[in-house]
Amino acid sequence: MSETKMDLIEKERTYLMIKPDGVKRSLAGEVITRIERCGLKIVALKMFWATREQINEHYPKDDGWLKRIGEKTKVNYDRYGLDVKSLGTEDNKEIGLMVRGWLLDYLTSAPMIKMVIEGPHAVDLVRKMAGNTIPAQAEMGTIRGDFSVDSAAFANRDKRAIFNVVHASETPEEARHEIGFWFSPEEIFDFEKTDSTIYKIDRAK
Ligand code: ADP
Ligand code: MG
């Protein structure tokens, strides 16, 4: 692997957002502690109240993303023996569009806290810490597993998005889009953590 690719992994950045339910339930400290405790570095952080236009830019709009949401929803309905027709459509893209609308309502309903997190494999690590999208499937020990109770079927009965405490970028490409969208370069800081020598091996002379 080339030096530059390795440098990119060492300084990989991801975007994490504490959603309205997380902020309103005073879970910000808990989430931040988990990020810091694992050794990753928070290099930008801010509380803000998003507009619908911003959330619309934040989430992908492509057919692939919309259909994936529809598929996940159907799997969740099947699992609990529920009929997805109760949503008014069985079309994956239409379900995706509906969920996208509910996400705009959810993520503009209270302030959120946005941050940029840096460190080796930051994207995968933060995704692992966040846990499965659907709280009922998220492992205990993850943020969603430990702090939320919800499912697609339960949320959709009330025509709302799944409340799952945090958003975390799924891939480095998604992270680049989200970081560039939510932060200007001057809001992201470059500094050494006191434990930055943790990976240095001292050898006896
Ligand atoms: P993740 O947040 O784990 O990356 P997705 O990108 O698939 O998950 O979905 C974005 C968000 O949309 C989820 O975190 C959740 O809040 C909401 N969501 C996803 N699927 C559904 C669904 N079927 N019904 C309601 N809300 C959903
Ligand atoms: Mg996602």
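A short reminder: the numbers here are calculations on the coordinates, not readings from a lab. None of the values given here were measured: they were computed from a predicted structure. Methodologically, a virtual Cβ is constructed for each residue, glycine included, from the backbone with ideal geometry; neighbour enumeration extends over all protein chains shown.
Quick one: how many residues across segment 2-47 are on the phi < 0 side of the Ramachandran plot and part of a loop (DSSP other than H, G, I, E, B)? Quick ask: steps written out before the conclusion?
From segment 2-47, those on the phi < 0 side of the Ramachandran plot are 2-25, 27-38, 40-47; that's our starting set.
If we keep only those that are part of a loop (DSSP other than H, G, I, E, B) as well, we get 2, 11-12, 19, 25, 27, 40.
Here the count works out to 7.
Would you confirm whether any residue within segment 157-168 is within 22 Å of residue 56 (Cα to Cα), in a loop (DSSP other than H, G, I, E, B), near ligand 1 (Cβ under 8 Å from one of its atoms) and aromatic (Phe, Trp, Tyr)?
There is at least one residue in segment 157-168 that is within 22 Å of residue 56 (Cα to Cα), in a loop (DSSP other than H, G, I, E, B), near ligand 1 (Cβ under 8 Å from one of its atoms) and aromatic (Phe, Trp, Tyr).
If I ask for residues that are polar (S, T, N, Q) and out of contact with any Gly (no Cβ under 8 Å at 6 or more places or on another chain), which ones from segment 75-104 would you list?
Residues satisfying the conditions are 76, 86, 89.
Output the number of the condition that residue 106 fails; it satisfies all remaining conditions of (1) within 14 Å of ligand 2 (Cβ to nearest atom); (2) closer than 21 Å to residue 44 by Cβ; (3) of a type in the set (Ser, Thr, Tyr).
(2)
Could you check segment 115-159 and list, in sequence order, the residues that are more than 15 Å from ligand 2 (Cβ to nearest atom) and among the basic types (Lys, Arg)?
157, 159
Do we have residue 126 as under 22 Å from residue 28 (Cα atoms), outside any helix (DSSP H, G or I) and in contact with a strand residue (DSSP E or B) (Cβ under 8 Å, 6 or more places away or on another chain) here?
Details: under 22 Å from residue 28 (Cα atoms): yes; outside any helix (DSSP H, G or I): no; in contact with a strand residue (DSSP E or B) (Cβ under 8 Å, 6 or more places away or on another chain): yes.
Here the answer is no, as residue 126 does not meet what is asked.
From the residues in segment 53-78 that are over 25 Å from residue 186 (Cα atoms) and of a type in the set (S, T, N, Q), which one is surrounded by the most Cβ atoms within 10 Å (Cβ to Cβ)?
By that ranking, first place goes to 73.
Just checking, which of 84, 149, 75 is more than 12 Å from ligand 1 (Cβ to nearest atom) and more than 21 Å from residue 15 (Cβ to Cβ)?
Criteria check complete, one pass: 149.
Could you give every pair whose Cβ atoms fall below 6 Å, whose first residue belongs to segment 89-103 and is charged (D, E, K, R), and whose second residue is more than 16 Å from ligand 2 (Cβ to nearest atom), counting only separations of at least 6 or pairs across chains?
90/84
Residue by residue through segment 166-177, note down the ones that are over 14 Å from residue 118 (Cα atoms) and of a type outside the set (Val, Ile, Thr).
Those that are over 14 Å from residue 118 (Cα atoms) and of a type outside the set (Val, Ile, Thr): 167, 170, 173, 174, 177.
Here is a check on your reading of the model: is residue 50 surrounded by 14 or more Cβ atoms within 10 Å (Cβ to Cβ), in contact with a strand residue (DSSP E or B) (Cβ under 8 Å, 6 or more places away or on another chain) and in a loop (DSSP other than H, G, I, E, B)?
Judged against the criteria, residue 50 is a match.
Looking at 80, 106, 59 in this structure, which one is in contact with a Leu (Cβ under 9 Å, 6 or more places away or on another chain) and among the hydroxyl-bearing types (Ser, Thr, Tyr)? Lay out the reasoning, then the answer.
On the way: 80 fails: in contact with a Leu (Cβ under 9 Å, 6 or more places away or on another chain); 106 fails: in contact with a Leu (Cβ under 9 Å, 6 or more places away or on another chain).
Checking each option against the conditions leaves just 59.
Has segment 186-201 got at least one residue that is crowded, with 17+ Cβ neighbours inside 10 Å and either within 16 Å of ligand 2 (Cβ to nearest atom) or in contact (Cβ under 8 Å) with a residue 12 or more places away in the chain (or both)?
Checked against the condition, which is being crowded, with 17+ Cβ neighbours inside 10 Å and either within 16 Å of ligand 2 (Cβ to nearest atom) or in contact (Cβ under 8 Å) with a residue 12 or more places away in the chain (or both), segment 186-201 yields no hits at all.
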